[in-house]
Amino acid sequence: MKVPSGRYICVDVTCTPLKDNQQHPLGSICLFHDMTALYQAELNTHQANKAIFTLIKAISNIHDSIYPSSNEDTLLLPTSISNIGKQLTDLISQLLQTPAVLLISFKPPDQKIYYVAISGLPSQLAQLRQQNNGRYTLSDFLDPPEIEKLQQHEVVCVDRSVQRSPFPINSTNSTHFLWVPLITQNQLTGVMIIGRVEPCTQEEIELVKAVATLTTLIIECVKIFATLKGPENEGIVLKETNAIINEFLNLASHEFRTPLTVTMGNIQLALRRLEKLRSQIAGGSEELNRGIERIQNPLEYASQSAQIHERMISNIIDDSRLQANELELHVKRCNLSELIRELVTKYQQHNPDRTIELQSDPGVEQIEVIADANRIKQVMHIFITNALQYSPRQKPVSVRVSKDEQHAYVYVHDDGLDIAPEDQKHIWERFYRAKGTAVQNELDLSLGLSLYLCHALIQLHHGEVGIESAPGQGKTFWFSLPLAPPE
């Protein structure tokens, strides 16, 4: 809905007819609930998840960006950064919904501009800029005071009415331009130019500055790693790349956990207040009850979404502990059959529209294992959620428990799409995502960590994991655990 200021808001509308004593319609009373903050919070969380994955993917590509220098590698930003730069400009374009994002570098000694990555522009306009690489300088776009601000690490905002450009800018629909400096070794090495339909908020500027900071980190890494060419240094490059990923994940998980905890608390408080209001007006009008439901439903959805994101952050923290060899198991003797039975019952109750079957081989009512029950539940949650997400709703999901003389086995089968042999080879790897997977559900938001964590957790229990899949036969994920010795 568009308000007089020109801003768009998300509203929930409840309308009640207004009648006179003879029940003739006089008009209606409409109650508007501004849901913008709730909607924006959900959107921001989703975008943040996409941002984390994009940044991880960009960092992971550092190794692939290191190759012999080209003739143009006298640029302050190496040409090998172009692939990563495109990922980052695409990320900014998606996060801020901007018409265009450009990443430029400079070539000494006269600091001519070269376009490293372009997102959002029509192909003809993008080609026009690249065809003019090395022709212009910052002074063709900005006045000296603005250039000085960039050199002082300051973001510059320019209105289109005063923005100079040798290229057509009206075709981008941008009314404001954000110039974000990239500083490495205290030198202005590049600029990220962001076209905006409306001015950036301070939060958006901070987000862009954060991505710019990461971009400079990646640039530094590419420059340093480029000096380590050769197979003898391959391990060093890989180790340092993984260290950057681990550091980023550790930082991101803690930065997201605090605001998420506050958000979950506020949502749960709002739900409790709505429930109290519902009990106080018991017997009220049907229209009023419908109005409460319309407010309650998105709150419940937000609560579920927050819980998913909390699990995602927990996965990131678990991964960080695994990389540092600091993840501890709290093991004790437990009945695996009973644990699986309780879990399946729980999922049956939470998914009444799905058929989840428990199958047990004869004589497996009591299977004793030495395990951390919470970690086994974590693995089963991933397996069952995987099966529910990627199989037809009308098809059952089956869970089976069996054992042999030395091991217990748990299988989770669904009749969804099979997994290609190539994906089966890599599916347990850290950050691996099958081709064509989109960031849209809980498993996608796991950033390719979920199945990797399953593998790692079961290995810590001295067990194994596996997958069986063939065309037209769905897929089965399984794990095994050693049986507990007799007491």
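Read-outs: derived from the displayed coordinates by stated rules, not from any lab. Worth saying up front: this structure is predicted, and the values here are computed from it rather than measured. Counting neighbours? That spans all protein chains shown, and the Cβs are built from the backbone with ideal geometry, glycine included.
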Self-check item: Where N is the number of residues in the range 347-426, Cα Rg divided by 2.2 N^0.38 Å
Solution: 1.21
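Among 189, 201, rank each residue by its count of other Cβ atoms within 10 Å, from fewest to most, as a rough exposure measure.
Numbers: 189 20, 201 10.
Result, fewest neighbours first: 201, 189.
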Quiz item: What residues qualify as long-range amide H neighbours of residue 100, i.e. H under 5 Å apart, gap of 5 or more or another chain, H built at 1.01 Å from N?
Solution: 195
Quiz prompt | Whole-Å distance, taken between Cα centres, linking the range 83-143 and the range 369-400 | solution = 47
Practice problem: State which entries of 209/425; 112/209; 332/403; 403/425; 2/276; 86/377 exceed 29 angstrom in Cα-Cα distance in the structure shown. | Solution: 209/425; 2/276; 86/377
Quiz item: Check residue 136: other-chain or 5+ apart residues with amide H under 5 Å from its amide H, H built from backbone geometry?
Solution: 113
Exercise. List every residue whose amide H lies under 5 Å from the amide H of residue 408, counting only residues 5 or more places away in sequence or on a different chain, with H placed 1.01 Å from N in the peptide plane.
Key: 481, 483
